[in-house]
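The values are calculated or read from the model by the stated rules, or taken from the named source; none is laboratory data. None of these values were measured; they are calculated from a predicted model. Reconstructed Cβ throughout: ideal geometry from the backbone, glycine too, with neighbour counts over all protein chains shown. Remember, those area values only see protein heavy atoms, side chains included, never the ligands or the DNA or RNA. Shrake-Rupley method; radii C 1.70, N 1.55, O 1.52, S 1.80 Å.
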Amino acid sequence: MTSLLKLSAGASMPVIGFGTWQASDAELEAALEAALEAGYRHIDTAYVYENEAAIGRVLAKWLNSGKVKREELFIVTKLPPAGNHPDRVEKYLKRSLDNLGLDYVDLYLVHVPFGFLEKGEDIHPVESDGNILLDKSTNHINIWKAMEAQVDAGLAKSIGLSNFNISQIKRVLQSARIPPSNLQVELHAFFQQKELVDFCKEHNIIVCAYAPLGSRGTAKLYERAGISKDFPDLLNNPKVLEVAEKYGKTPAQILLRHIVQRGIAAIPKSTNPDRIQQNLQIHDFELSSEDVVSLNKLDQGSDGRILDFRFFKGIKNHPEYPF
Ligand code: A2P
């Protein structure tokens, strides 16, 4: 099992969650079974991952058979960029709930700070020139009010943000009636996000790390968009290998432990049963302060960022592009 982090709204978030981005339905259903068997109770998805229904099928099986109770689960999903408008928040949350077969989610996040226009059911609508169809009128304060209304309606227990930068979070905090209790961002040994994490600690926002192992699986997104990009190999980094050898752990366990020891949650994604189990087994050892310091030195600052959304052509033209 995994330890818990207390969110400001009162809920407890298991520190290791099961990441589900970029897994096909069949692969994911088998992997989620393995994850639940291994003891994962925190599951991270998003409307745009287009896998909520597959997750819902597995959850229904587990809930209906009584193998797990709803209150033992911590389910996270996210408002898509095409939903970044106060009039559309409820609609997309209800669709996600319908897909998942749930009455509420434990955490609903605004997935990204930039908005897209709706174009039918396209999750990533594009113009004829291939540019992403931006809605440049995105207003975080109004969107946040609609997010708060979902808590009032009982559809989301907690609400939070993802991929927002410090000044964007500050703006939301200034007008929030229910402050964001979680921020999900890219975070790993090469991109440790110290300033952002310190800011969140100061404001009682629990940080959750996505791409905690370096997310090499997402390289194909950039390939498809014709963008050449180096993907760092965290799992074979000599320092990580050296520390792994010293503790008798795998490189992935060292990378995850390094994050979790900072009071940060992480959502490693895997479809392999052994690695799924391995990624949860990080509570039976502690990195010494010396080893933490040497792993801290792997940080490359903003150069360490992998996911910058450039696979959405023209994304930097949005006034709320965060990076
Ligand atoms: P796989 O699904 O074959 O296990 P991230 O969570 O940073 O996005 O990284 C996910 C990638 O890391 C996936 O390609 C996944 O592959 C791989 N991965 C997940 N867990 C481990 C692990 N314990 N050891 C090695 N690779 C892993």
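Key figures for this structure:
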quantity	calculated
Region 198-226 residues that are over 21 Å from residue 315 (Cα atoms), paired with ones that are more than 16 Å from the ligand (Cβ to nearest atom) and among the aliphatic types (A, V, I, L, M) (beta carbon under 6 Å, 6 or more apart)	199/166; 200/183; 205/183; 206/5; 206/7; 207/183; 207/197
Residue list for region 23-37, restricted to those being assigned to a loop (DSSP other than H, G, I, E, B) and either more than 8 Å from the ligand (Cβ to nearest atom) or free of Cβ contacts under 8 Å to residues at least 24 places away in the same chain (or both)	24
Pair list, Cβ under 9 Å, 6 or more apart: region 4-21 residue of a type in the set (S, T, N, Q) and within 11 Å of the ligand (Cβ to nearest atom), other residue assigned to a strand (DSSP E or B) and open to solvent by 10 Å² or more (accessible area, probe 1.4 Å)	20/269
Residues of region 275-291 classified as farther than 15 Å from residue 42 by Cα, in a helix (DSSP H, G or I) and either of a type in the set (Gly, Ala, Ser) or within 8 Å of the ligand (Cβ to nearest atom) (or both), total	3
Criterion: within 15 Å of the ligand (Cβ to nearest atom), under 19 Å from the mean Cα position of the chain (by Cα) and closer than 23 Å to residue 112 by Cβ - qualifying residue of 257, 305, 310	305
Unmet criterion (only one of (1) within 24 Å of residue 293 (Cα to Cα); (2) open to solvent by 10 Å² or more (accessible area, probe 1.4 Å)) for residue 138	(1)
Number of positions in region 3-59 that are surrounded by 15 or more Cβ atoms within 10 Å (Cβ to Cβ) and basic (Lys, Arg)	2
